[in-house]
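To start, the structure itself, in structure tokens.
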Amino acid sequence: MAQEDVFKKIVSHCKEYGFVFPSSDIYDGLGAVYDYGQNGVELKNNIKQYWWQSMVLLHENIVGIDSAIFMHPTVWKASGHVDAFNDPLIDNRDSKKRYRADVLIEDQIAKYEEKIEKEVAKARKRFGDSFDEAQYRATSPRVAEQQKKRDALHERYSQAMNAMDLAELKQIILDEEIVCPISGTRNWTDVRQFNLMFKTEVGSTADGASTIYLRPETAQGIFVNYLNVQKTGRMKIPFGIAQIGKAFRNEIVARQFIFRMREFEQMEMQFFVKPGTELEWFDKWKQTRLAWHKALGFGDENYRFHDHEKLAHYANAASDIEFHMPFGFKEVEGIHSRTNFDLSQHAKFSGRKIEYFDPETNESYTPYVIETSIGVDRMFLSVMCHSYQEEKLEGGDTRVVLKLPAALAPTKLAVMPLVKKDGLPEKAREIMDDLKFHFNCKYDEKDSIGKRYRRQDAVGTPFCITIDHDTLQDGCVTLRDRDTMEQQRVAIADLRGLLEERVSLTSLLKKI
Ligand code: GAP
């Protein structure tokens, strides 16, 4: 099945099974805004717990905060977001549709790359087992021609973006003959800068009101609380502050479901270090964060680092962790060495001294910062994409199963009486009433056992237990494993311990 079709199936599965709904669905939705349903909110909360505990529980020197979404407007002046948090946009005069100029050009680069891959795939088919891919890539004139075009475009585009040369971005779009996907024409406006922050007003009267912004990142809430936390928590450098919260960006192009949203959630941690040690910490955090992802067991080959060549003016190193989504390797998390830029800017704009006094060396300095920043929604999407599977079963049936890591699954255990009589529902309720204090359990007595198993497979429930007539005699239930579909008889008294080992967040955290 084409990857595009797989992705469409995942999106409709998310809606059909209560994971993600379009926002204001009965009004036909709102672009790039989504709601999480009854299963989605559980999965999302488990992802957040996994991150929070890996930061705050496992590191003695990391503490959490929860800062407000609204902040003093000067924060965004100091951080540079008012002046520079822009995307280059372009309109097509015929379709009246708006695009990001950089995205149009990046799509064009991807088209050259696709052509190369198609050539390689064709050759692989033609030559069979004797195919030497490396040699073909190095010697094929067709590949060379596309590669040359791709590299030239990439170089020209990088230079234009580095210089934010808007006229040149438009010229590239014209020279590459990029057309609007809706109107099919090249009737483009000039490229303009567009600030991504949402504005609103605080205060009740027009006179007294002042413009404030919905935060486009949670990080600034951490920077402005640096002194508060360091002093009240008597924190010694190196130390970190972690936060999970909503962020808002008026994205011009809303694409790929919950990958790029206008309202989303971030999990960010700022780690304050001594100047000069930041690159060492940057490498450490890259490895720590990659290990967090890999512990989920999605396969090491599905992750890669993308080290940034072009750095923001305040950064001295930056790298993304990319995950293999159905639409290619995409950024899920960024790790940035932000120097002392943010704290220095806030010191300058607030007039406060924001420094750390090192009791060991008797010197004061503005700490440097390593930031780890991951989008909850993108993480959710990567978990869904990897877990969604359609399996052919013996006998020709197909089952749709979400092979979610057990610790992240919305429901850990489905409790099912074989029939709705003979005291089996009562026994099932009794077991459920005990286990529900320890795991998220669901009781299900409707339809045949086969149908109930399929329902639980589709929402990723790792275990089901069936209470049958023997249970009343021998105190055992049938435990069914979602992934292997194997069944085993287990004593009711052993259930809790057995499940705890397999579904708890603790067992996942121990794998990092
Ligand atoms: N404080 C640094 C910062 O915000 P970023 O690379 O702009 O850096 C960090 O964002 C992460 O936030 C991204 O890796 C991504 O997972 C998530 N993110 C950013 N914009 C997003 C959007 N529009 N929709 C969903 N997630 C987004």
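We did not get these values from a lab; they are worked out from the coordinates using the rules stated. If you're wondering where the values come from, they're calculated on a predicted model, not measured in any experiment. In this analysis, Cβ positions are derived from the backbone assuming ideal geometry, glycine residues included, and neighbour counts consider all displayed protein chains.
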Residue-wise, which Karplus ³J(HN,Hα) couplings in Hz belong to segment 268-275, taking 6.51 cos²θ - 1.76 cosθ + 1.60, θ = phi - 60°, and x for glycine or proline?
-> 10, 9, 9, 10, 8, 10, 6, x
Ordered by residue, what ³J(HN,Hα) values in Hz, to whole numbers, does segment 66-77 give under the Karplus form 6.51 cos²θ - 1.76 cosθ + 1.60, where θ = phi - 60° and Gly and Pro are x?
-> 9, 8, 6, 6, 6, 9, 4, x, 5, 3, 7, 6
What does the charge add up to near residue 337, with Lys and Arg as +1, Asp and Glu as -1, over the other residues with Cβ less than 11 Å from its Cβ?
-> -2
Exposure proxy check on 59, 81, 313: fewest-to-most Cβ neighbours within 10 Å is 313, 59, 81
May I ask for the Rg/Rh ratio of segment 295-453, computed from Cα atoms with Rh as the Kirkwood radius, given to two decimals?
-> 1.21
Sequence-distant aspartates and glutamates (8 or more away, or on other chains) whose Cα lies within less than 12 Å of residue 125 = 133
Electrostatic dipole magnitude of segment 157-289 [Cβ: Lys, Arg +1; Asp, Glu -1; Cα centre; debye, to 20] = 700
So the pair-distance distribution of segment 80-213, from every Cα-Cα distance in 10 Å bins, comes to percents of 11, 29, 24, 19, 11, 4, 2, 1
For every helix of n ≥ 4 consecutive DSSP H residues, a contribution of -39,500 (n - 2.57) applies; sum these over the chain, divide by its total residues, and give [θ] at 222 nm rounded to the nearest 500 deg cm²/dmol.
-> -12000 deg cm²/dmol
Amide H proximity to residue 217 below 5 Å, modelled H, separation 5+ or other chain, gives 248
Pair-distance profile P(r), taking every C-alpha pair of segment 224-311, with 5 angstrom steps and integer % = 3, 9, 13, 15, 21, 19, 12, 6, 2
Within segment 376-512: Cβ-based charge dipole about Cα centre, in debye rounded to nearest 20 (Lys, Arg +1; Asp, Glu -1) | 440
Of all DSSP beta bridges located in the chain, what percent are antiparallel, nearest 5?
-> 85
Provide Rg and Dmax in Å for segment 1-111, with only Cα atoms included in the calculation.
-> 20.0, 58
If you take all C-alpha pairs in segment 382-512, what percent of them are over 18 Å apart?
-> 54
Farthest towards the positive end of the dipole of segment 215-286, among 250, 269, 225 and with Cβ unit charges of +1 on Lys and Arg and -1 on Asp and Glu, lies the Cα of 225
Listed residue (104, 80, 128) projecting farthest to the positive dipole end of segment 40-152, Cβ model = 128
Taking only the alpha-carbon positions of the chain and ignoring solvent, what does the Debye formula give for the base-10 log of I(q)/I(0) at q = 0.09, 0.13 Å⁻¹?
-> -0.81, -1.37
Among DSSP beta bridges lying fully in segment 365-512, give the percent that are antiparallel, nearest 5.
-> 65
Shape descriptors of segment 67-132 over alpha-carbon atoms, Rg and Dmax in angstrom, are 22.4, 65
If eta is 0.890 mPa s and T is 25 °C, what Stokes-Einstein diffusion coefficient results for segment 287-376, Kirkwood Rh from Cα pairs, in µm²/s?
-> 160
Mean Cβ count within 10 Å, highest first, over the residues of peptides 451-459, 478-486, 400-408 = 400-408, 451-459, 478-486
May I ask you to sort 224, 63 by Cβ crowding, counting other Cβ atoms within 10 Å and putting the fewest first?
-> 63, 224
Whole-Hz ³J(HN,Hα) from phi, Karplus 6.51 cos²θ - 1.76 cosθ + 1.60, for segment 440-449, glycine and proline x | 6, 10, 10, 9, 9, 10, 8, 6, 5, 4
Whole-Å semi-axes of the ellipsoid equivalent to segment 179-242 (Cα gyration tensor, √5λ, descending) = 41, 23, 8
Around residue 42, what is the net charge, scoring Lys/Arg as +1 and Asp/Glu as -1 over all other residues with Cβ under 13 Å from its Cβ?
-> +4
Give the order of 114, 322, 265 when sorted by the count of other beta carbons within 10 angstrom, beginning with the fewest.
-> 114, 322, 265
